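Every number in this text was worked out from the coordinates using simple rules, so none of it is lab data. Predicted model only: the values in this text are computed from it and were never measured. Ideal geometry is used to build each Cβ from the backbone, glycine not excepted, and the neighbour counts take in all protein chains shown.
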Amino acid sequence: MSLIVAAFGFGLVSMSIIAISAVGFTMQFGITNMINLAYGQVMIASAYAAYAVNNAGVSIWLALPVAAVFGALFSFLLNRLVYAPFQRKGTNLIGMVIISLAVSLVIANVMLPIVGYYSVSYHQNPGTTYHLGSIAVTGEQLAIIGVAVVVMLAIHALLRLTRLGKAMRATAANPTLARNCGIPTARVIDLAWLITGALCGIAGAVAGMNSDSFSVASGSEFLIPIIAASILGGAGSPYGAMIGAVIIGEMTEISAAIISPEYKQVVAFAVLVLVMVLRPQGLLAKRGALAAAG
Amino acid sequence: MLASHHRVGKGAGVLFATLSIGLAACGSPTTGGGSPSSSPLLIGVIAPFTGADAALGPAYFAACLPAARAINNAGGVMGHMVSCQEFDTRGEPADAVPAAQQMVASHSNLMAVVGCTSDEAASVAPILNQAHIPMFCMTGQSEFNKTTLTYFHRLVPPDEFDAFAMVGSALDHFNYKKVALVFGNDIGSQAFVGPAMTALQHLGATVTINQAIALGQPSYRTEVTAMLATHPDVIFTEALGPTDATYMAEVKQLNNGVMLPFMGTSATIDPVWFKAVTGAVGVQTVVDKFTAVDLGVSFSGPGYDEFKTNLDAVASQFPAAPTYSQRGATLHLYDGIMQAALAMDETKSTDPTVYNPVIRDVGNGVAGSTTVNTYAAGVAAIKNGQKVRWVGAGGPTNYNQYNNSQQGYILVRYDASGNEITIGTLTQAQTAAIIAAGGG
């Protein structure tokens, strides 16, 4: 029983990281109509950007904004230079998914000669370990949870309390109507890529911190729970992605304690399949952040 | 909902859930020095260059380049220059099959293929055998112990022998009695588990826990907590990529900063593994707490010196090459390529059906054969009408009837620079007892 409780504690950290990344991933889809399978690779590229700064002697926490900026600019350019031209030509959703898959492979293979195939680790101090019963969490992990909470609140405030948030919701709901109402949808989409790219960058850096070691190949591994959480919560729904992150994060850890660590991802996906059967639109599809715009 | 107008609903979910990635990437041929020829020969390096086992491919590529350089500097194989080319399997049989088929279909000048790890050997080896291409594989799977594939060669013992060597070292050298098995859930790593468990149980030791961990996960804290609760004396491990680094860092963290002794297979004697794990747990922790078994290689002698010279020289083509100077697999695959080249010289043929049977003779030697340690010396001896025996970087070869060769084990640790230091050897008697206990 104590192992399950401990696993629950570790799940808090996992779900925090998945939440940051899944919210960015699902917003990208919701606002820009782009299922970006290169998301995991942009995460890793951002993690390496933070590593470069950290390796120069800067604290990883100070390098975190570098990862965010890198992720934002990378994602913005990716859309402007690759995705948007294809979308303007009318490439359908499946075509765009394949393009993003190709982009992911290109990024990975371009990174290999630059950063190498070595796994790297941040110079970091996990800090004091705090115990609450069987739960053991380091200071660094508490900070990661804190970052996730701040990011989630910021996204909530953005979507609910700002003009940009309203414009994003309007663009997501009906871009043509939004444009006719005077909303500069092209700029909104640019900003959406910047914001979700920043989330992607932050997620990459904190995932690198949490895992203690990462490599170019980690991108595809990181992407799997992100996609699972996004679908589980309802594709395009940021709040759904948050709930999906909680479920996937906890399920993977607790299943490792109960069954076998070999099957932790299998269990998470079994839950996903079950939800897809019972509620194909996802858990919060009808109650997403922007369902009732305005 | 953000996506309300896109009308993807079920479609997006299904699309998300069913997408999978598969790509067999190809590199361009890389010569190992010398001058170009009108009919060059190719050595295919078929291995994982991307994916969780991406560290394996470069170790094998590092075997090919110095071999090609040595051959080309001696005038090539009967005048044919030799080059190396990577064929990426991603460590997945599903990707390895098209990679192998593409390699065979696109290159009629393949003189040999090296690599084929446990990840893909079972699917790749039959393809190569059917195409009559001699292969030197780094698979440890026991299904190749008595293989009927006549073009298959293996210069390393099966994984179960690695496992036996780990058991022997743990029991005889360190007197460990309680062992936790933490291996990746990939085919290659899992090949160690069964033999290790059997041997440990028969020799009176206890397997406290057997964890097959999913590679590349962001965290293993739950698994580590479960493992620590069993209080092992030592952890046996092989989980490549960043996996061992993540796992061991969390062992140290959750064990109040104290690392448990951990012992690796020969695959963990690798610069990529060293850099990953030392980055995560610190160099001194690895130096103090880590040991591994490795193939019985002395890293000395004229054959090794020739290999080392050529390995250092190809750094301009592959900067990481010199870091593989003590990677057993790199040495052995280099030797395999040399044996194939000399077999071609002996038979004066580029037809694999002609020179393949002679590879074993070049490796084992025949009555009256001359021992050679460099390709140039081998060519000179053959021109003088002599048969040759290749004793190269990895020492003597002892092929059995199934083209399997092995030389025993050493127990090693790393120094702070990542160099291998021998701290013990397993005697033949110890090895035999463990193999018998493990059912090998």
- Message: Please compare each pair in B:Lys177/B:Lys308; B:Lys178/B:Lys308; B:Lys252/B:Lys308; B:Lys252/B:Lys275; B:Lys146/B:Lys178; A:Lys264/B:Lys252 to a cut-off of 28 Å on the Cα-Cα distance and tell me which ones are over it.
- Response: B:Lys177/B:Lys308; B:Lys178/B:Lys308; B:Lys252/B:Lys308; B:Lys146/B:Lys178
- Task: Towards the positive end of the charge dipole of region A:2-287, with charges on Cβ (+1 Lys, Arg; -1 Asp, Glu), say which of A:Ser218, A:Met96, A:Phe269 has the farthest Cα.
- Result: A:Met96
- Inter-chain Cβ neighbour average for residues A:235-241, partner chain, 10 Å: 4
- Message: Along the Cα→Cβ direction, 7 angstrom out, place labels at B:Gln130 and B:Phe174. What is the inter-label distance in nm?
- Response: 4.5 nm
- Query: With each label point set 7 Å from Cα along the Cα-Cβ vector, what nm distance links B:Asn398 and A:Asn92?
  - Reply: 6.4 nm
- Message: How shielded is A:86-98 by partner chains, expressed as the average number of their Cβ atoms within 10 Å of its Cβ atoms?
- Response: 1
- What are the ³J(HN,Hα) values, in whole Hz, obtained from phi via the Karplus relation 6.51 cos²θ - 1.76 cosθ + 1.60 with θ = phi - 60°, for each residue of region B:79-91 in sequence order, with x given for Gly and Pro? x, 7, 6, 10, 9, 10, 9, 8, 10, 7, 9, 6, x
- Message: Could you tell me how far the Cα centroid of region A:129-174 sits from the Cα centroid of region B:273-351, in Å?
- Response: 48 Å
- Item | GNM result for chain B, Cα springs below 10 Å: residue of B:Ser300, B:Ser123, B:Ser39 fluctuating most strongly | B:Ser39
- Work out, step by step, the length gained on full extension between A:Cys181 and A:Leu3: first 0.36 nm times the residue separation, then minus their alpha carbon distance; give nm to one decimal. 58.5 nm
- Note on the structure: The residues A:Ser213, A:Ser255, B:Ser316, sorted from fewest to most surrounding Cβ atoms within 10 Å, come out as B:Ser316, A:Ser255, A:Ser213
- Message: Need the list of lysines near A:Lys166 for cross-linking: C-alpha distance under 24 angstrom, and skip anything on the same chain fewer than eight residues off.
- Response: A:Lys286
- Query: So for A:Met27, B:Met111, fewest C-beta neighbours within 10 Å to most, what's the order?
  - Reply: B:Met111, A:Met27
- Message: Just to be sure I understand the model, the point goes 7 Å from the Cα along the line to the Cβ. What's the resulting B:Asn109 to A:Arg279 distance in nm?
- Response: 6.2 nm
- Item | Neighbourhood net charge (9 Å Cβ-Cβ; Lys/Arg +1, Asp/Glu -1) for B:Phe136 | 0
- Message: Below 18 Å, Cα to Cα, which lysines can B:Lys387 reach? Residues fewer than 8 away in the same chain don't count.
- Response: B:Lys348
- Message: With a cut-off of 8 Å between alpha carbons and a minimum separation of six or more residues, what is the relative contact order of chain B in percent?
- Response: 17 percent
- For A:Leu164 and A:Ser134, what is the calculated FRET efficiency with R₀ set at 51 Å and r taken between the beta-carbons, to the nearest 0.05? 0.75
- Enumerate the calculated ³J(HN,Hα) couplings along region B:181-187 in order (Karplus 6.51 cos²θ - 1.76 cosθ + 1.60, θ = phi - 60°), each rounded to whole Hz, writing x wherever the residue is Gly or Pro. 9, 10, 10, x, 8, 7, 4
- Task: Amide H neighbours of B:Thr206 under 5 Å, at least 5 residues apart or on other chains, H built in the peptide plane: list them.
- Result: B:Lys178, B:Val179
- Item | Cα gyration tensor shape of chain B, rounded if a/c is under 1.5, else prolate or oblate by comparing a/b with b/c | oblate
- Around A:Val5, what is the net charge, scoring Lys/Arg as +1 and Asp/Glu as -1 over all other residues with Cβ under 15 Å from its Cβ? -1
- Message: Sorting check: for B:81-87, A:14-20, which peptide has the highest mean count of neighbouring beta carbons within 10 Å, and how do the rest follow?
- Response: A:14-20, B:81-87
- Note on the structure: Neighbour-count ranking for B:Glu250, A:Glu250 (other C-beta within 10 angstrom, fewest to most) reads A:Glu250, B:Glu250
- Note on the structure: Shielding of A:109-120 by other chains, given as the mean Cβ count within 10 Å, works out to 5
- Note the angle between two axes, namely the Cα long axis of helix A:139-161 and the longest principal axis of the Cα atoms of chain A, as a number of degrees from 0 to 90, rounded to the nearest 10. 20 degrees
- Under 13 Å, Cβ to Cβ, from B:Ala199 - net charge with Lys/Arg +1 and Asp/Glu -1: -4
